[in-house]
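Undergrad: My questions all concern the structure below.
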Amino acid sequence: MKYIFTLAFSFMVSAVFAQQLDIQGHRGARGLVPENTIPAFIRAIEEGVTTLELDVVITKDKQVLVSHEPYLSADICSKPNGEPIAKGEAHDFNIYQMTYAEIAKYDCGIRGNSRFPEQEPMKVSKPLLKDVIDAAEQYLADNDLPKVQYNIELKSSEKGDGVSHPEVTEFSELVFDLLSDKLTADRYTIQCFDFRVLQYWHKTYSNVRLVALVENIKGVEKNIETLGFTPYAYSPYYKLLNKKSVAACHAMGMKVVPWTVNTLKEMKDLVELGVDGIITDYPNLAKGL
C-alpha cells in the first residue's frame, strides 16, 4: 500500500511540474515553418505550446509589424518580382521607412531558411501583430483549445532610435495601445534586451509582466542591478545557465526562461536545472517534456 501511495504521489508531482513548464514557440515554430508568420504561430499552437514568442518592429505608417529584424532580411525575403534581396542591400529595406502596404508585397517564406532544413517553404509575408493575435485567438476558439500566452519582444536599441524604430516612449505606446485593445494584461509579457524599454514599461504600465532578455556574462545579480527592478522573468541565452544562476533567479522571485533551445537533450538538461520554461524553434521536440 505504501508503494502504491508513493507511486501515485510521484505521478501527481510529475504532472504538476509538467503543467508548470512553459513551452514557448520561438518566432512561432521557426524550425518547421517560416518565422514570425501566421502559419508559424498556428503550427506552434498545433504542437502544444503554452506561449507564442515573437518580435515586433514599427512601420513608416506606425503599424506594429511582426519581424525579428527592423529590415527585410536577405536570408529569407524576396522582392515583389521574386528576386532575392541581396545581403549588401538588406538594410536599404528599412521597415521603419516603409509602409505596411509596401512591406506586404515582399515574400519572406518561399525560399525557406538554410539554417532550418526541416522548415516548410511557403509564400508568406510579414504580418501585423493585430492580425497574428486575431488569427491565433480564432484558431484557439474554433478548435476549443486553451488560451495561450504571448511573449512579445520589442526590437529596440539606442543606436536604432529614430533610425530603425521610434524612440522608447512612442514605440512602447504603439505596442501597449494595440495590446490593450486585443488582450488582457494577464495574457502577455513584454521582453527586451534594451533595458530602457523595460524600465519605461515598469514605470508606466505597472500591471504588465516584464522579461529581461540577456546575452552577456555579467551574471544575474549584476544584470538585475543594472535594470533597477526585479522583472517577472529572466531570459538568458541557455548556455549561460547553471544550477547556481537558476537558484539565484528563483531566490529573487523571477521565473527562468532560457532561449533558444533546439535539442531534446538540452531541453531535458535545463529542466533538471529547474527552469520554468523553454524557448525553442522546435516545439514539436518539447512535447515529451
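The values are calculated or read from the model by the stated rules, or taken from the named source; none is laboratory data. The shown structure was predicted, so the numbers you read here are calculated from the model rather than taken from an experiment. Positions of Cβ are generated from backbone atoms using ideal geometry, with glycine treated the same way; all protein chains shown enter the neighbour counts.
Undergrad: Quickly run through the stretch 34-83 and pick out the residues that are in a loop (DSSP other than H, G, I, E, B) and among the aliphatic types (A, V, I, L, M).
TA: Once the filter is applied, which keeps residues that are in a loop (DSSP other than H, G, I, E, B) and among the aliphatic types (A, V, I, L, M), the stretch 34-83 yields Val49, Leu72, Ala74, Ile76.
Undergrad: Follow-up. Consider only pairs whose beta carbons are under 9 Å apart and that are at least six residues apart or on different chains; among these, list those whose first residue lies in the stretch 193-212 and is part of a helix (DSSP H, G or I) and whose second residue is among the hydroxyl-bearing types (Ser, Thr, Tyr) and surrounded by fewer than 18 Cβ atoms within 10 Å (Cβ to Cβ).
TA: Phe195/Thr226; Tyr200/Thr169; Thr204/Thr169
Undergrad: Assigned to a helix (DSSP H, G or I), more than 18 Å from His26 (Cα to Cα) and not small (Gly, Ala, Ser): is that true of Ile217 in this structure?
TA: Values: assigned to a helix (DSSP H, G or I): no; more than 18 Å from His26 (Cα to Cα): yes; not small (Gly, Ala, Ser): yes.
No; evaluated as a whole, the condition is false for this residue.
Undergrad: Looking only at the stretch 237-253, decide whether some residue is of a type in the set (Phe, Trp, Tyr), without any contact (Cβ under 8 Å) to a residue 60 or more places away in the chain, in contact with a helix residue (DSSP H, G or I) (Cβ under 8 Å, 6 or more places away or on another chain) and in a helix (DSSP H, G or I). Let's see the steps before the verdict.
TA: First, the residues of the stretch 237-253 that are of a type in the set (Phe, Trp, Tyr): 237-238.
Then keep just the ones that are without any contact (Cβ under 8 Å) to a residue 60 or more places away in the chain; that gives 237-238.
Subset that is in contact with a helix residue (DSSP H, G or I) (Cβ under 8 Å, 6 or more places away or on another chain): 238.
From what's left, in a helix (DSSP H, G or I): 238.
There is at least one residue in the stretch 237-253 that is of a type in the set (Phe, Trp, Tyr), without any contact (Cβ under 8 Å) to a residue 60 or more places away in the chain, in contact with a helix residue (DSSP H, G or I) (Cβ under 8 Å, 6 or more places away or on another chain) and in a helix (DSSP H, G or I).
Undergrad: Checking the structure you have, find out if any residue of the stretch 90-108 is within 23 Å of Ile279 (Cβ to Cβ), hydroxyl-bearing (Ser, Thr, Tyr) and modelled with pLDDT of 95 or more.
TA: No.
Undergrad: Ok, one more. So which of Phe176, Phe171 ends up being within 22 Å of Trp259 (Cβ to Cβ) and not aliphatic (A, V, I, L, M)?
TA: After applying the criteria, what remains is Phe171.
Undergrad: Would you mind stating whether Ile133 is hydrophobic (A, V, I, L, M, F, W, C) and in a loop (DSSP other than H, G, I, E, B)? Talk me through it step by step, then tell me what you get.
TA: Details: hydrophobic (A, V, I, L, M, F, W, C): yes; in a loop (DSSP other than H, G, I, E, B): no.
It is false that Ile133 is hydrophobic (A, V, I, L, M, F, W, C) and in a loop (DSSP other than H, G, I, E, B).
Undergrad: A follow-up question, please. Go through the stretch 197-210 and give me each residue that's over 20 Å from Lys147 (Cα atoms) and surrounded by 15 or more Cβ atoms within 10 Å (Cβ to Cβ).
TA: Once the filter is applied, which keeps residues that are over 20 Å from Lys147 (Cα atoms) and surrounded by 15 or more Cβ atoms within 10 Å (Cβ to Cβ), the stretch 197-210 yields Val197, Leu198, Gln199, Tyr200, Trp201, His202, Tyr205.
Undergrad: Determine which single condition Ser156 fails, assuming it passes every other condition in (1) under 28 Å from Thr50 (Cβ atoms); (2) of a type in the set (Gly, Ala, Ser); (3) free of Cβ contacts under 8 Å to residues at least 12 places away in the same chain.
TA: Status for Ser156: all satisfied but (3).
Undergrad: Between Lys126, Lys155, Lys147, which is surrounded by fewer than 21 Cβ atoms within 10 Å (Cβ to Cβ) and either touching a Cys at 6+ places or on another chain (Cβ under 7 Å) or of a type in the set (Lys, Arg) (or both)?
TA: Result: Lys147 is the single residue among Lys126, Lys155, Lys147 that is surrounded by fewer than 21 Cβ atoms within 10 Å (Cβ to Cβ) and either touching a Cys at 6+ places or on another chain (Cβ under 7 Å) or of a type in the set (Lys, Arg) (or both).
Undergrad: Now for a different question. Please work out which residue is nearest to His68 (Cα to Cα), limiting yourself to the stretch 158-167 and to residues that are small (Gly, Ala, Ser) and buried (at least 16 other Cβ atoms within 10 Å of the Cβ). Please lay out each step first, then the result.
TA: Of all residues in the stretch 158-167, those small (Gly, Ala, Ser) come to 160, 162, 164.
Then drop every residue that is not buried (at least 16 other Cβ atoms within 10 Å of the Cβ), which leaves 160, 164.
Working: Gly160: 14, Ser164: 12 Å.
Only one residue tops the list, namely Ser164.
Undergrad: Among the numbered criteria (1) of a type in the set (Phe, Trp, Tyr); (2) farther than 25 Å from Gly25 by Cβ; (3) surrounded by 15 or more Cβ atoms within 10 Å (Cβ to Cβ), which one does Phe193 miss?
TA: Of (1) of a type in the set (Phe, Trp, Tyr); (2) farther than 25 Å from Gly25 by Cβ; (3) surrounded by 15 or more Cβ atoms within 10 Å (Cβ to Cβ), only one is false for Phe193: (2).
Undergrad: Out of Glu137, Glu170, report the one residue that is surrounded by 14 or more Cβ atoms within 10 Å (Cβ to Cβ), within 17 Å of Leu54 (Cα to Cα) and out of contact with any strand residue (DSSP E or B) (no Cβ under 7 Å at 6 or more places or on another chain). Walk me through how you get there before you give the answer.
TA: Numbers: Glu170 fails: within 17 Å of Leu54 (Cα to Cα).
Sole residue among the options that is surrounded by 14 or more Cβ atoms within 10 Å (Cβ to Cβ), within 17 Å of Leu54 (Cα to Cα) and out of contact with any strand residue (DSSP E or B) (no Cβ under 7 Å at 6 or more places or on another chain): Glu137.
Undergrad: Looking at the stretch 55-72, I want the residues that are free of Cβ contacts under 8 Å to residues at least 60 places away in the same chain and have a partner that is in a strand (DSSP E or B) and crowded, with 20+ Cβ neighbours inside 10 Å with Cβ atoms under 7 Å, at least 6 apart or on another chain. Which pairs are those?
TA: Thr59/Leu65
Undergrad: Six or more apart or on different chains, Cβ under 8 Å: which pairs go from a residue in the stretch 81-94 that's in contact (Cβ under 8 Å) with a residue 40 or more places away in the chain to one that's surrounded by 11 or more Cβ atoms within 10 Å (Cβ to Cβ)? Could you list them?
TA: If the second residue must be surrounded by 11 or more Cβ atoms within 10 Å (Cβ to Cβ), the pairs left are Asn94/Pro70; Asn94/Tyr71; Asn94/Val163; Asn94/Ser164.
Undergrad: Check Gln63, Gln20 and return the single one that is more than 16 Å from the chain's Cα centre (by Cα) and crowded, with 16+ Cβ neighbours inside 10 Å. Steps first, answer last, please.
TA: Details: Gln20 fails: crowded, with 16+ Cβ neighbours inside 10 Å.
None of the other options fit; the residue is Gln63.
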